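Take a look at the structure set out below.
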Amino acid sequence: MVKSGGSTYLPFENPQLLELQLEKIVAKAMAILDPFEQSIFLLVHISYLQAFIDVNKRTARLASNIPLVKGNLVPLAFRDVLVDDYISSMVAIYELQDVRPLVDLYVYSYMQGLRRR
């Protein structure tokens, strides 16, 4: 079972259900036209699904860059984000279904990336 540190959230364990949910996430993401909205959607939902034994959040961050790169936008790096801030934003999603802390970190990180260009 995959567990998220600092959270009591327990993701699905059934591989078929995980695969079905991941397919739904991808289908919904493809229907979103705005690359930023699509990016945040992928980041939140792939992280929340916990479909993989490891690298869920890294996979979500990588997937969230696909719409940005396809839209010829600056990719997201989360370089200047403190690990504790990132983890607490994930816990807010797992425990409270509150995406606002992660969206705030996303915007902050994206703006930092623009400043480096």
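The values are calculated or read from the model by the stated rules, or taken from the named source; none is laboratory data. What you see is a predicted model; the values in this text were computed from it and never measured. So basically every Cβ, Gly included, is an ideal-geometry build from the backbone, and we count neighbours across all protein chains shown.
Values for this structure:
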| item | result |
| --- | --- |
| Condition check for ALA63: at pLDDT 90 or above, among the small types (Gly, Ala, Ser) and surrounded by fewer than 14 Cβ atoms within 10 Å (Cβ to Cβ) | no |
| Among residues of segment 70-108, those that are of a type in the set (Ser, Thr, Tyr) and touching a Leu at 6+ places or on another chain (Cβ under 6 Å), counted | 1 |
| Unmet requirement for ASN72, which otherwise passes all of (1) modelled with pLDDT under 90; (2) polar (S, T, N, Q); (3) outside any helix (DSSP H, G or I) | (1) |
| One residue from ASN65, ASN72 being of a type outside the set (A, V, I, L, M, F, W, C) and more than 20 Å from ILE46 (Cα to Cα) | ASN72 |
| Complete set of residues in segment 92-108 that are crowded, with 18+ Cβ neighbours inside 10 Å and touching a residue at least 40 places away in the same chain (Cβ under 8 Å) | ILE93, TYR94, VAL99, LEU102, TYR106 |
| Only listed residue being loosely packed, with under 13 Cβ neighbours inside 10 Å and modelled with pLDDT under 95, chosen from ILE53, ILE87 | ILE53 |
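Residue-wise test of (1) surrounded by 12 or more Cβ atoms within 10 Å (Cβ to Cβ); (2) modelled with pLDDT of 95 or more; (3) part of a loop (DSSP other than H, G, I, E, B).
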{"position": "PRO11", "(1), (2), (3)": "yes, no, yes"}
{"position": "MET30", "(1), (2), (3)": "no, yes, no"}
{"position": "LYS57", "(1), (2), (3)": "yes, no, no"}
{"position": "ASP80", "(1), (2), (3)": "yes, no, yes"}
{"position": "TYR110", "(1), (2), (3)": "yes, no, no"}
